[in-house]
Amino acid sequence: MLSTFVRAATRSLRFPAAGILAAALLVAASAQESSRRESAHASTAAPAPGRFELDDGNFAAWRAHLQPRPAELAWLRIPWLTTLGDGIVRADAQTKPLLLWVMNGHPLGCT
Amino acid sequence: MGRRSVWSDPRLIKIASRFVPATDEVWRLQRGNDDECRFFQRFADQGHYQRSGGTRQGIYVCAPSGKLLASGNTLNADRVLAMLQQALEKWKALPDGERGLPAGANLKPAHRWEDSFPSGGLVLVSTHRDLPPDGDPAARAGDRWNRDHVWFSQNEARQWLPADPRPGRTHRLPKNLALRLARFHLVDNVRGQTLPFAAEEVRAARLEVQVTERTDAQVRLKIRGATHARADGPWRMGDIHWKPPREYPRGVTTRLLGRATYDLERGVFIEFELVALGQRWGFTQNNARRGNAESSPIGFFFSLAPAGEPRIAPAFIDVYNADWVVRPETGD
């Protein structure tokens, strides 16, 4: 399909207006084929294992890579309570306003 | 992303001490009918969305009385700082009679998943990241990452090792526990929430646990395994709130290696580290992979939740394959 459009676009280069149309069709065909490839890939079997070997020799290195760095946990220096209700009760006891951060997924978990 | 761009900002960490800071999961608060949910909806409906219904994600400042002082939804630390400073000014100006929680107010929720917290069980914190394309663990880790909690009951925790844990014995993790990891935790949520896998979409989930050493009551274990989950598209988990509006072919395949120590006297794990490396592909509605659905490397790290870790339910607790989880009467 794509090669048909390439040939058509090449022939059309002698006619500017048609050439522009052919170029547009070429881009559209490329995008369509790319999308088909993406869908096809997503539905095929798992990709072959890559170069990510995991063994006793590199376990510590991968653990260090995956663990959050201290700077990535700075937000936990704020002493977040874990529910609205707990927050309101404590805010009342301490005569302070409540600062509430809410997300789809608990902010202290998976968001 | 708010963790990094907003709440890691030193100015916001400092100003937070002038408030009582709290977090919560908004999907329940914005939809529920118990007293806690209604309390939230009353002030949230006056906030930055300026309407009833729909998402209420964001940041809110209110008096214990429920009087809204400020709200917004932004990843810009400067804007959040300005909002909090304005909120403090409003709090200062608020008459005493409008500040406090009304007498007799009840904010007890009808149900919380955290009530099913498996005390004495195996509770893990997980970190999920994209991996460097060249496979070099010494490379700097990317800035996007996510976390979750994993729950196994005390009875399930014991099933990670053989009934008679003698050195050299190898034990296969029971299928339902391996499935829990593959379906709900080895998922591509590095950049945002994603979907779980149905049981039949887990093509392989095998973890072998070997007893490497036993010293009195302490049993040292080595964990090896592999998982492969692939969803071809059609939704297979019934008419639940996770059901997406369209099909999302996707998958995750991993190899796992870990170490753990179980104390037979105390009946708990005292050490647990598990690394999973693999590939992900496809995308879902909210996991920010639409632009890169092609396969790429992904990694997971599971470790014991530290002492003092807040009790936060796993992301997919409502569909967990665990009969000890207490579900709400409303069916949420």
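How many residues are surrounded by 14 or more Cβ atoms within 10 Å (Cβ to Cβ) and farther than 24 Å from residue B:318 by Cα if we restrict to segment B:213-253?
10
Would you confirm whether any residue within segment B:270-281 is among the hydrophobic types (A, V, I, L, M, F, W, C), within 19 Å of residue B:164 (Cα to Cα) and not in a strand (DSSP E or B)?
Of the residues in segment B:270-281, the ones among the hydrophobic types (A, V, I, L, M, F, W, C) are B:270, B:272, B:274-277, B:281.
Then keep just the ones that are within 19 Å of residue B:164 (Cα to Cα); that gives B:270.
Filter again for not in a strand (DSSP E or B), leaving none.
Looking for residues that are among the hydrophobic types (A, V, I, L, M, F, W, C), within 19 Å of residue B:164 (Cα to Cα) and not in a strand (DSSP E or B), one finds none in segment B:270-281, hence no.
Among all residue pairs at least 6 apart or on different chains, which show Cβ distances below 8 Å where the first residue, located in segment B:181-208, is in contact (Cβ under 8 Å) with a residue 60 or more places away in the chain and the second is surrounded by fewer than 19 Cβ atoms within 10 Å (Cβ to Cβ) and of a type in the set (Lys, Arg)?
B:190/B:144; B:191/B:144
Hey, can you tell me all the residues within segment B:33-89 that are within 15 Å of residue A:87 (Cα to Cα) and in a loop (DSSP other than H, G, I, E, B)?
Those that are within 15 Å of residue A:87 (Cα to Cα) and in a loop (DSSP other than H, G, I, E, B): B:63, B:64, B:65, B:66, B:67.
Here is a list: B:17, B:65, B:71. Which entry is within 14 Å of residue A:96 (Cα to Cα), modelled with pLDDT of 95 or more, hydroxyl-bearing (Ser, Thr, Tyr) and surrounded by 15 or more Cβ atoms within 10 Å (Cβ to Cβ)? It would help to see each step written out before you state the result.
On the way: B:17 fails: surrounded by 15 or more Cβ atoms within 10 Å (Cβ to Cβ); B:71 fails: within 14 Å of residue A:96 (Cα to Cα).
Step by step, each of B:17, B:65, B:71 is checked, and only B:65 is within 14 Å of residue A:96 (Cα to Cα), modelled with pLDDT of 95 or more, hydroxyl-bearing (Ser, Thr, Tyr) and surrounded by 15 or more Cβ atoms within 10 Å (Cβ to Cβ).
Can you go through B:110, B:139, B:163 and tell me which one is surrounded by fewer than 18 Cβ atoms within 10 Å (Cβ to Cβ) and touching a Cys at 6+ places or on another chain (Cβ under 9 Å)? Talk me through it step by step, then tell me what you get.
Values: B:139 fails: touching a Cys at 6+ places or on another chain (Cβ under 9 Å); B:163 fails: touching a Cys at 6+ places or on another chain (Cβ under 9 Å).
The unique qualifying residue is B:110.
If residue B:297 meets every condition in (1) touching a residue at least 60 places away in the same chain (Cβ under 8 Å); (2) over 20 Å from residue A:64 (Cα atoms); (3) not charged (D, E, K, R) apart from one, which number is that one?
The number of the failed condition is (2).
Tell me whether segment B:75-85 contains one or more residues that are surrounded by 12 or more Cβ atoms within 10 Å (Cβ to Cβ), facing chain A (nearest Cβ under 10 Å) and not hydrophobic (A, V, I, L, M, F, W, C).
no
In segment B:97-129, which residue that is among the polar types (S, T, N, Q) and away from chain A (no Cβ under 11 Å) is farthest from residue B:315 (Cα to Cα)?
Initial filter on segment B:97-129 (among the polar types (S, T, N, Q)): B:106, B:116, B:119, B:126-127.
Imposing the further condition that a residue be away from chain A (no Cβ under 11 Å) reduces the set to B:116, B:119.
Working: B:116: 14, B:119: 18 Å.
Ranking the qualifying residues of segment B:97-129, first place goes to B:119.
Looking at segment B:1-38, which of the residues that are more than 8 Å from chain A (Cβ to nearest Cβ) and of a type in the set (Ser, Thr, Tyr) is farthest from residue B:288 (Cα to Cα)?
Taking the candidates together, the pick is B:17.
Can you pull out every residue in segment B:136-159 that is touching a strand residue (DSSP E or B) at 6+ places or on another chain (Cβ under 8 Å), in a loop (DSSP other than H, G, I, E, B) and facing chain A (nearest Cβ under 9 Å)?
Across segment B:136-159, the qualifying residue is only B:141.
It is to be established whether one or more residues within segment B:109-123 are in a helix (DSSP H, G or I), modelled with pLDDT of 95 or more and small (Gly, Ala, Ser).
yes
Scan segment B:282-332 residue by residue and report those that are assigned to a loop (DSSP other than H, G, I, E, B) and of a type in the set (S, T, N, Q). Steps first, answer last, please.
Residues of segment B:282-332 assigned to a loop (DSSP other than H, G, I, E, B): B:283-289, B:293-295, B:305-316, B:320-332.
Result: B:284, B:285, B:286, B:287, B:295, B:321, B:330.
Restricting to helices (runs of 4 or more DSSP H) lying wholly in segment A:9-111: which have 1 or more residues that are at pLDDT 50 or above, touching a Ser or Thr at 6+ places or on another chain (Cβ under 9 Å) and facing chain B (nearest Cβ under 7 Å)?
A:59-66, A:84-94
Could you list, ordered by first residue, the pairs with Cβ atoms under 8 Å in which the first is in segment B:256-268 and surrounded by fewer than 21 Cβ atoms within 10 Å (Cβ to Cβ) and the second is of a type in the set (Ser, Thr, Tyr), at least 6 apart or interchain?
B:268/B:262
Filter segment B:276-297 down to the residues that are touching a Leu at 6+ places or on another chain (Cβ under 6 Å) and of a type outside the set (Val, Ile, Thr), then identify the one that is farthest from the other protein chains (Cβ to nearest Cβ). Walk me through how you get there before you give the answer.
Start the filter on segment B:276-297 by keeping residues that are touching a Leu at 6+ places or on another chain (Cβ under 6 Å), which leaves B:276-277, B:284, B:297.
Retained after the next criterion (residues that are of a type outside the set (Val, Ile, Thr)): B:276-277, B:297.
On the way: B:276: 8, B:277: 4, B:297: 6 Å.
This residue is B:276.
Does residue B:167 satisfy the criteria of being more than 27 Å from residue B:317 (Cα to Cα) and either at pLDDT below 95 or assigned to a strand (DSSP E or B) (or both)?
Working: more than 27 Å from residue B:317 (Cα to Cα): yes; either at pLDDT below 95 or assigned to a strand (DSSP E or B) (or both): no.
No; evaluated as a whole, the condition is false for this residue.
The values are calculated or read from the model by the stated rules, or taken from the named source; none is laboratory data. Computed from a predicted structure; not experimentally measured. In this analysis, Cβ positions are derived from the backbone assuming ideal geometry, glycine residues included, and neighbour counts consider all displayed protein chains.
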